[in-house]
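Below you'll find the structure, written out as structure tokens, and then a few comments.
Taken together, the values in this text are just the output of simple stated rules run on the coordinates, not laboratory data. It should be emphasised that the depicted structure is a prediction, and the values quoted were computed from it without experimental measurement. So basically every Cβ, Gly included, is an ideal-geometry build from the backbone, and we count neighbours across all protein chains shown.
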Amino acid sequence: MVRAWYLEGDDGGIKAVSQENGRVKLIGVDELTEKTGLLFWTIDVDSIKNMKENETLKKIKQERGYTWEDDIEISKGTLPDFEEKTKAFATEHMHPDEEVRLVLDGTGFFDVRDREDRWIRLQFQKGDMIALPPGMYHRFNLGSDEGYLKLHRIYSTVPQWTAHNRIADD
């Protein structure tokens, strides 16, 4: 299940993977949804042979109008232009479309802002599925350059992969 906690300060340490030695209070899924608009599901990915035939995913996709999907592996050995792409992922940005990700393997981190503009770090792992609302500013990282993540990406239309970086406040 997704784990989440508030980050201290503006940056919070993009590569920080710990919860500051357990000194932070975890935020529950219901509170996260209330404060951010994020949606969460847990899917048993070990039992899935064909993503398009999984009944739970089929139901979610039908209810939410998702029609396009693919898989991506993010690691130094699997993602072309790894350094450039992970730098772009780690830059605060938003997409005009909903962003839905199901973790098939590995671990990753999304940092999102709550409605009061405070950073929340989300740690997600195999079986966690998350939907970021359209226009939600976020950033993503593996936690380290040696990290690995395999994702199933789901969209309502053929994706344009258009990211709009957040302009720094003056």
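Of note:
- Residues satisfying the stated conditions in segment 131-162, i.e. outside any loop (DSSP other than H, G, I, E, B) and touching a Phe, Trp or Tyr at 6+ places or on another chain (Cβ under 6 Å): 138, 140, 141, 154, 155
The rows are residues; the columns are (1) touching a Lys or Arg at 6+ places or on another chain (Cβ under 6 Å); (2) over 26 Å from residue 48 (Cβ atoms); (3) in a loop (DSSP other than H, G, I, E, B).
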position: 78; (1), (2), (3): no, no, yes
position: 83; (1), (2), (3): no, yes, no
position: 88; (1), (2), (3): no, yes, no
position: 102; (1), (2), (3): no, no, no
position: 107; (1), (2), (3): no, no, no
position: 117; (1), (2), (3): no, yes, yes
position: 120; (1), (2), (3): no, yes, no
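- Contacts under 8 angstrom Cβ, first residue in segment 112-140 being at positive phi, partner buried (at least 20 other Cβ atoms within 10 Å of the Cβ) and among the β-branched types (Val, Ile, Thr), 6 or more apart: 127/43; 127/103
- Qualifying positions in segment 107-161 - surrounded by 15 or more Cβ atoms within 10 Å (Cβ to Cβ), farther than 22 Å from residue 30 by Cβ and over 13 Å from the mean Cα position of the chain (by Cα): 147, 148, 155, 156, 159
- Subset tally (residues that are out of contact with any Gly (no Cβ under 9 Å at 6 or more places or on another chain) and either of a type in the set (Ser, Thr, Tyr) or more than 28 Å from residue 125 (Cβ to Cβ) (or both)) for segment 145-156: 1
- Residue match in segment 89-106 (condition: in contact (Cβ under 8 Å) with a residue 60 or more places away in the chain, surrounded by 12 or more Cβ atoms within 10 Å (Cβ to Cβ), closer than 19 Å to residue 160 by Cα and of a type in the set (Ser, Thr, Tyr)): yes
- Within segment 73-88, considering residues that are closer than 22 Å to residue 43 by Cβ and not acidic (Asp, Glu), the one surrounded by the most Cβ atoms within 10 Å (Cβ to Cβ): 74
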